[in-house]
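To start, the structure itself, in structure tokens.
The values are calculated or read from the model by the stated rules, or taken from the named source; none is laboratory data. What you see is a predicted model, and the numbers here were worked out from it, not measured in a lab. A quick note on method: Cβ atoms are made from the backbone with ideal geometry, for glycine too, and the neighbour counts reach across all protein chains shown.
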Amino acid sequence: MNPFRRRHNGAPVLAMVTWVYVLWSLLPVLIAVRISFNDGRSRSSFQKMSFRWYWGDPNSSLWHDDSMQVALLNTLRLAGLCMLIATPIGVAMAIGLQRWRGRVSNAANGLMLVPIVTPEIVFGVALFLVFSQVYTGFPDGLTRQLLGHITFTISFVVV
């Protein structure tokens, strides 16, 4: 008998609990998106649909604020550099781990799962502390951010 064709009696309940959890987890994001399209400053009462906070207000909208534009460009630069560096390293590491058998390979595979199973905020705070307190030889800013992001994303490429 094929184990993937077996009927599980608890599957509908598990599916329902999973969907309730996913919707509950996405609820704050949906509320934040809804509030971002509110014309007024109040977060408790919705006045009318507006793009004021994105490009409608010349003083406080996203596209008119220079600091937001700089932050967006830095984010895109960081993402592109991280992709260009982490992808070849992760692919090479995945090929090496596939060909290399033994305890070291199993330990490295287990180590690659740590960033995936650890909550992002915990891993981010840990990386911040490591790169700000231990590795002080790197300059502040983009270099430390890039090293932290590469450290985090290599495991996703390997797995």
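Within the stretch 83-105, is even one residue under 24 Å from Ala32 (Cβ atoms), under 16 Å from the mean Cα position of the chain (by Cα), in a helix (DSSP H, G or I) and not assigned by TED's automatic domain parsing to the domain that holds Ala32?
No: zero hits.
Out of everything in the stretch 44-82 that is part of a loop (DSSP other than H, G, I, E, B) and among the small types (Gly, Ala, Ser), what residue ends up being farthest from Thr151 (Cα to Cα)?
The qualifying residue farthest from Thr151 (Cα to Cα) is Ser45.
Filter the stretch 40-74 for residues that are acidic (Asp, Glu) and modelled with pLDDT under 85; which is surrounded by the fewest Cβ atoms within 10 Å (Cβ to Cβ)?
Asp65
When residues of the stretch 132-150 are filtered for being part of a helix (DSSP H, G or I) and not small (Gly, Ala, Ser), how many remain?
Final tally of qualifying residues: 10.
Against the condition at negative phi and modelled with pLDDT under 90, how does Arg77 come out, does it pass?
Answer is no for this residue.
Of the residues Leu84, Leu146, Leu97, which single one is in contact with a helix residue (DSSP H, G or I) (Cβ under 7 Å, 6 or more places away or on another chain), modelled with pLDDT of 90 or more and hydrophobic (A, V, I, L, M, F, W, C)?
Exactly one residue qualifies, and that residue is Leu146.
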